[in-house]
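One structure is given here, and the rest of the page talks about it.
The values are calculated or read from the model by the stated rules, or taken from the named source; none is laboratory data. Small disclaimer: the values here were computed from a predicted structure and weren't measured. Every residue, glycine as well, gets a Cβ built from its backbone with ideal geometry; the counts of neighbours run over all protein chains shown. With ligands, DNA and RNA removed, areas are computed over all heavy atoms of the protein, side chains included. Shrake-Rupley method; radii C 1.70, N 1.55, O 1.52, S 1.80 Å.
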Amino acid sequence: MSREQILILEDEKLIRWSIRERLKEEGYAVEEAEAGRAALARLQEEDVDLLLLDHRLPDTTGLEVLEKVRGRWPEMSVVMMTAYGTVEDAVKAMKLGASDYLTKPVHMDELVLVVQKALDATRLRREVRRLRSERRAVHGETRIVASSPPMRAVLDLVDRITASPSATTILLEGESGTGKNLIAKAIHYQSQRADHPFVTITCSAITETLLESELFGHERGAFTDAKSQKKGLLELADGGTAFLDEIGEMGPSLQAKILRVLEDRAFKRVGGTADIEVDVRMVAATNRDLDAAVRDGRFREDLYYRLKVIPIYLPPLRERREDIPVLLQQWLDHFNREFHKSTEGFTPEAMERLTRYHWPGNVRELKNLVERILILHNRDRIGVDDLPRSIREGEVPPGARAEMPLGDMTLEQMEKEAIRQALDRSGQNQVKAARLLGISRDTLRYRMKKFGFLEGDDAGAAG
């Protein structure tokens, strides 16, 4: 994890050194500058979270630097440092947008508190910007389009959920790429919590120890690198929504702690003793078979049922083929604007192949396909020859097509043959086969068991 970056703009070398050493002890990354022009050049090159700004500088004044900083980097916090005789200038600085000010000589304990407060303000401003951006995304380019009955039922359920003030827990289930993240955002931004944070926690992205610190925060000294207190994502999401993606990957220790949050709406920071109460709606998502994970003892049964107050199943794209033409046009319009192109659409023959394709990677695969086509080609209309061979030929081995034409195969038969071909092409390596299909390895293993490619958990040495 990256450390928060602080830039000290002060012309007195000894003062810079003492402040730098104390802030490094607190775990911050610290840079220095002794003149205004050098500091502004540094800000253009690096992401800085906080500027500690002296009032008197050799080439300009702190107030002039402050005006430029507020105009170019409005989210960054600025703390002025001023001598006792220039408190009036500190007042002017506050009016210009400084977060706080320190009087010289600087008292280090006060410095640490002021820095923590200013960095909290930086994080809040950036969170507000992110929320506004995501709200535009949910209602703009990545709006949910659906005409098929299965997805219309999902969206109707979302409407009923968001109309209620309850913070009911929701479990999104479905294959990778079906849009669980987008549905989670829709639940948040259509609800009364829309003005509060939406935070995403990917449970498989980092180790369990780091995940615990990210979720719950930690107290100073809780572990070796805990130089200062840190609020966790659940605390930052107070009043809003926490999206626990890939919840099935969470270890047993954290499962117990998440269960407590759901039951008591409270938790302790790592290394802390005090309970922290939060009002957070939990939306969890998984592409794993949690029923099987519960039976196998890999997932807590009590947590499973606590998460599954309102389950929402997102059908794979092959089960809602009516949505494929609409989604293709949506992403075509999007990438036309992004790449400054004017492709009008797809030929009937290309649309027929795209509609009958089984889309193992679901909507994510569809989006990536349209992006790739518009990068590589400059056509008025996209034809069959512009499509990947797997879509042109239906992703079915030649022998299977000879025995049974693609149009006569059931969706289940097409899925089984696609898995067989991916395994053959990858040399029976499950990781590579899952990557070819655009699904997770767990989803692949689940399908392999379903179709008889595996005979128990130990079968299949590849992967």
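Considering (1) open to solvent by 20 Å² or more (accessible area, probe 1.4 Å); (2) under 25 Å from N362 (Cα atoms); (3) of a type in the set (F, W, Y), say which one F223 fails and leave the rest.
If we test F223 against (1) open to solvent by 20 Å² or more (accessible area, probe 1.4 Å); (2) under 25 Å from N362 (Cα atoms); (3) of a type in the set (F, W, Y), just (2) comes out false.
Among I324, I310, which is open to solvent by less than 70 Å² (accessible area, probe 1.4 Å) and touching a helix residue (DSSP H, G or I) at 6+ places or on another chain (Cβ under 6 Å)?
On inspection, the qualifying residue turns out to be I324.
Out of R16, R20, R42, R3, report the one residue that is in contact with a strand residue (DSSP E or B) (Cβ under 9 Å, 6 or more places away or on another chain), open to solvent by 20 Å² or more (accessible area, probe 1.4 Å) and in a loop (DSSP other than H, G, I, E, B).
Step by step, each of R16, R20, R42, R3 is checked, and only R3 is in contact with a strand residue (DSSP E or B) (Cβ under 9 Å, 6 or more places away or on another chain), open to solvent by 20 Å² or more (accessible area, probe 1.4 Å) and in a loop (DSSP other than H, G, I, E, B).
Here is a list: M94, M80, M76. Which entry is touching a helix residue (DSSP H, G or I) at 6+ places or on another chain (Cβ under 9 Å), of a type in the set (A, V, I, L, M, F, W, C) and over 20 Å from E12 (Cβ atoms)?
When all the criteria are applied, what remains is M76.
If you go through region 200-220 one residue at a time, how many are open to solvent by 10 Å² or more (accessible area, probe 1.4 Å) and within 15 Å of the chain's Cα centre (by Cα)?
6
How many residues, within region 72-119, are free of Cβ contacts under 8 Å to residues at least 12 places away in the same chain, assigned to a helix (DSSP H, G or I) and closer than 19 Å to V30 by Cα?
3
Residue-wise test of (1) buried (at least 18 other Cβ atoms within 10 Å of the Cβ); (2) of a type in the set (A, V, I, L, M); (3) modelled with pLDDT of 65 or more.
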| position | (1), (2), (3) |
| --- | --- |
| R381 | no, no, yes |
| V384 | no, yes, yes |
| E395 | yes, no, no |
| M409 | yes, yes, no |
| E415 | yes, no, yes |
| A418 | yes, yes, yes |
| R425 | no, no, yes |
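Filter region 358-370 for residues that are more than 20 Å from the chain's Cα centre (by Cα) and open to solvent by 10 Å² or more (accessible area, probe 1.4 Å) and give the result.
P360
Assess whether I258 counts as being of a type in the set (V, I, T), within 15 Å of C203 (Cβ to Cβ), more than 17 Å from the chain's Cα centre (by Cα) and open to solvent by less than 60 Å² (accessible area, probe 1.4 Å).
So I258 passes the test.
Which of the residues belonging to region 145-179 are open to solvent by 50 Å² or more (accessible area, probe 1.4 Å) and touching a Gly at 6+ places or on another chain (Cβ under 8 Å)?
none
Counting just the residues of region 121-136 that are open to solvent by 40 Å² or more (accessible area, probe 1.4 Å) and under 26 Å from N368 (Cα atoms), which one comes out modelled with the highest pLDDT?
R130
Quick one: S228 ticks every box in (1) of a type outside the set (D, E, K, R); (2) within 21 Å of Y304 (Cβ to Cβ); (3) not in a helix (DSSP H, G or I) except a single one, so which number is it?
Condition (2) is where S228 drops out.
Give me the residue from region 45-71 that is open to solvent by 20 Å² or more (accessible area, probe 1.4 Å) and in a helix (DSSP H, G or I) and, out of that set, nearest to A90 (Cα to Cα).
L63
Take the residues of region 329-357 that are aromatic (F, W, Y) and more than 17 Å from T178 (Cα to Cα): which is surrounded by the fewest Cβ atoms within 10 Å (Cβ to Cβ)?
F339
Take region 41-71 and flag every residue that is of a type outside the set (D, E, K, R) and touching a residue at least 40 places away in the same chain (Cβ under 8 Å).
Those that are of a type outside the set (D, E, K, R) and touching a residue at least 40 places away in the same chain (Cβ under 8 Å): V48, L50, L51, L52, L53, L57, P58, G62, V65.
Looking at region 366-385, I want the residues that are under 14 Å from E338 (Cα atoms) and have a partner that is of a type in the set (D, E) with Cβ atoms under 6 Å, at least 6 apart or on another chain. Which pairs are those?
Correct list of pairs: I373/D386.
Let me confirm something: among E263, E246, which residue is acidic (D, E) and buried (at least 16 other Cβ atoms within 10 Å of the Cβ)?
None of the other options fit; the residue is E246.
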